[in-house]
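Notes to accompany the following structure.
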Amino acid sequence: MSSNRIKKPKKQLTEKPAFDAQAFFDSAGVSRRVVEYRDSQKIYSQGESAKNVMYIQDGGIQLSVVNEVGKEAVVAILSPGAFFGEGCLAGQGVRIGSATAITPTTLLVIEKKEMICVLHAERVFSDRFVAHMLARNIRIEEDLVDQMFNSSEKRLARTLLLRARYGTQNEPQKMIANISQETLAEMIGTTRPRVNFFMNKFRKLGFIKYNGGLHVDPSLLSVVLHE
């Protein structure tokens, strides 16, 4: 005997939209300043007092540290949607590194006390902020493994793909702002001539191209995956 039961339509799974921190700050009335920086302008220097947290509204930031003999190393390159300077929330009295704009950049600057109040009062924002920090820690661990075990060619390819947001929840960028070969060399722990050699190689193979900016093709992933 056949069944006449009506099957219920399956629910469609929809991906949760990305959390818009700026929209949240607007709606929650969070006190903050909007500050604009020129390309290459210093935002804060290593050793300065740490009093606020910053959110990148537009542009890009380079985080770097200098050792006791004056050698500088680039720790990270951050894009719109990223927080930085959050060490002050965990008792960091001074900046352990420097932050510099790598392109014209607009930041939201939130004072330490205001940020702590928001984190305590707004659970949704607090959850998203913690998730953001955990993702940053995972990225740092991946960078360390990359530095220890992969060739400079693979490290450069991975850095370019990350700059173009391939492999993240964000939409890949069709074009990324030009970044100097000196900075790339500092980021991946090699020399500028080596970076120049690999960039020319990537261009000849069609993995990257220059046209008003740097275009990164997803086929560059083959360099990272190649054993």
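For beta carbons closer than 9 Å, sequence separation of 6+ or different chains, a first residue in segment 83-98 that is in a helix (DSSP H, G or I) and a second that is among the aromatic types (Phe, Trp, Tyr), the qualifying pairs are 86/129. Considering segment 176-196 alone, what residues qualify as being among the polar types (S, T, N, Q) and open to solvent by 30 Å² or more (accessible area, probe 1.4 Å)? 178, 180, 181, 190, 191, 196, listed by residue number. Only one entry in 153, 141, 111, 122 is open to solvent by 30 Å² or more (accessible area, probe 1.4 Å), among the acidic types (Asp, Glu) and in contact with a helix residue (DSSP H, G or I) (Cβ under 6 Å, 6 or more places away or on another chain), namely 153. Would you please name the residue that is farthest from residue 181 (Cα to Cα), looking only at residues in segment 197-211 that are part of a loop (DSSP other than H, G, I, E, B) and open to solvent by less than 80 Å² (accessible area, probe 1.4 Å)? Restricting to residues being part of a loop (DSSP other than H, G, I, E, B) and open to solvent by less than 80 Å² (accessible area, probe 1.4 Å), the top hit is 206.
Quickly run through segment 36-60 and pick out the residues that are open to solvent by less than 30 Å² (accessible area, probe 1.4 Å) and either charged (D, E, K, R) or in a strand (DSSP E or B) (or both).
Step one: filter segment 36-60 for residues open to solvent by less than 30 Å² (accessible area, probe 1.4 Å), giving 43-44, 50, 52-56, 59-60.
Answer for segment 36-60, where residues must be open to solvent by less than 30 Å² (accessible area, probe 1.4 Å) and either charged (D, E, K, R) or in a strand (DSSP E or B) (or both): 43, 44, 52, 53, 54, 55, 56.
Looking at 74, 69, just one residue is more than 19 Å from residue 134 (Cβ to Cβ), in a loop (DSSP other than H, G, I, E, B) and either at pLDDT below 90 or not β-branched (Val, Ile, Thr) (or both), and that residue is 69.
The values are calculated or read from the model by the stated rules, or taken from the named source; none is laboratory data. Because the structure is predicted, anything quoted here is derived from the model rather than measured. All Cβ positions, glycine included, derive from the backbone under ideal geometry; neighbour counts span all protein chains shown. Heads up: the accessible areas ignore ligands, DNA and RNA and are worked out on the full protein's heavy atoms, side chains in. Shrake-Rupley method; radii C 1.70, N 1.55, O 1.52, S 1.80 Å.
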